[in-house]
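One structure is given below, represented as structure tokens, and several questions about it will come after.
The values are calculated or read from the model by the stated rules, or taken from the named source; none is laboratory data. Just so you know, these numbers come straight off a predicted model, no measurement behind them. Cβ: placed from backbone, ideal geometry, glycine included. Neighbour counts: every protein chain shown. Heads up: the accessible areas ignore ligands, DNA and RNA and are worked out on the full protein's heavy atoms, side chains in. Shrake-Rupley method; radii C 1.70, N 1.55, O 1.52, S 1.80 Å.
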Amino acid sequence: MRFSIQDDMTHDEPVLVKRGLVEFADRFTGPRNGRDIGVVLRDPDGNVGGGITGYAIWDWLQIETLWIDEGLRGRGYGYQLLNRAEAIGAGYGCRFARLDTFEFEAREFYERQGYVVYARTDDFPEGHTQFHLRKQL
């Protein structure tokens with residue numbers, strides 16, 4: 001069999017690559033038992049004003065995105081969304097949560113919610129710092 005390195009993946013090929021890695025890793029870690037988590041903030045007319053996305057994997061909640069429309073910030077919606085996502089994760093057996101944020105985003109907000117910085121990536125992107133935080137649920 002002959003292989004060649006190409007940079008034009010088809011739609012299905014990233015899925016195949018990820019599946020191969022997951023199948024390999026699961027032999028060492030046990031099943032991931034992954035579940036997507038999403039909570040949305042809507043007004044009475046159904047307009048989206050924010051939301052949170054993430055997933056439960058093993059016994060961890062991975063927060064991917066938390067966004068609140070700028071005009072709605074400071075009203076406790078971020079806390080409510082994060083709290084709800086953490087409760088859903090705990091219901092799936094998560095004992096810990098982790099997330100990433102930048103110095104221009106919400107580090108202080110997450111620290112007020114009990115998250116602790118465990119690592120940082122400087123100059124990602126250049127001139128900025130990404131913080132990696134975790135919390136015991």
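Using only Cα atoms, find the angle between the long axis of helix 13-29 and the longest principal axis of the chain, and express it within 0 to 90 degrees, rounded to the nearest 10.
Orientation of helix 13-29: about 80 degrees from the principal axis.
Placing unit charges on C-beta atoms (Lys and Arg positive, Asp and Glu negative, everything else neutral), compute the dipole magnitude of the chain about its Cα centre in debye, rounded to 20.
Using only the charged Cβ atoms, the result is roughly 740 debye.
Compute the acute angle (0 to 90°) between the alpha-carbon long axis of helix 77-91 and the principal axis of greatest extent of the alpha-carbon atoms of the chain; round to the nearest 10°.
The helix 77-91 is inclined about 50 degrees to the chain.
Rg(Cα) of segment 48-136 divided by 2.2 N^0.38 Å?
Working: Rg = 13.1 Å, N = 89, 2.2 N^0.38 = 12.1 Å.
Here the answer is 1.08, to two decimals.
Let me ask something else. State the percentage of accessible surface on segment 70-127 attributable to carbon and sulfur atoms; use a 1.4 Å probe and exclude ligands, DNA and RNA.
C and S atoms contribute 47 percent here.
Round to a whole angstrom and tell me the spacing of the C-alpha centers of segment 1-49 and segment 65-83.
Rounded to whole Å, the Cα centres lie 26 Å apart.
Separate question: Using helices alone, I'd like the mean residue ellipticity at 222 nm for the chain: each DSSP H run of four-plus residues gives -39500 (n - 2.57), total over residue count, nearest 500.
Rounded to the nearest 500, the figure is -8500 deg cm²/dmol.
Rounded, prolate or oblate: which fits segment 29-87 when a ≥ b ≥ c are the square roots of the eigenvalues of the alpha-carbon gyration tensor, with rounded for a/c under 1.5 and prolate only if a/b beats b/c?
On the way: a/c = 3.24, a/b = 2.42, b/c = 1.34.
Cα axes put segment 29-87 in the prolate bin.
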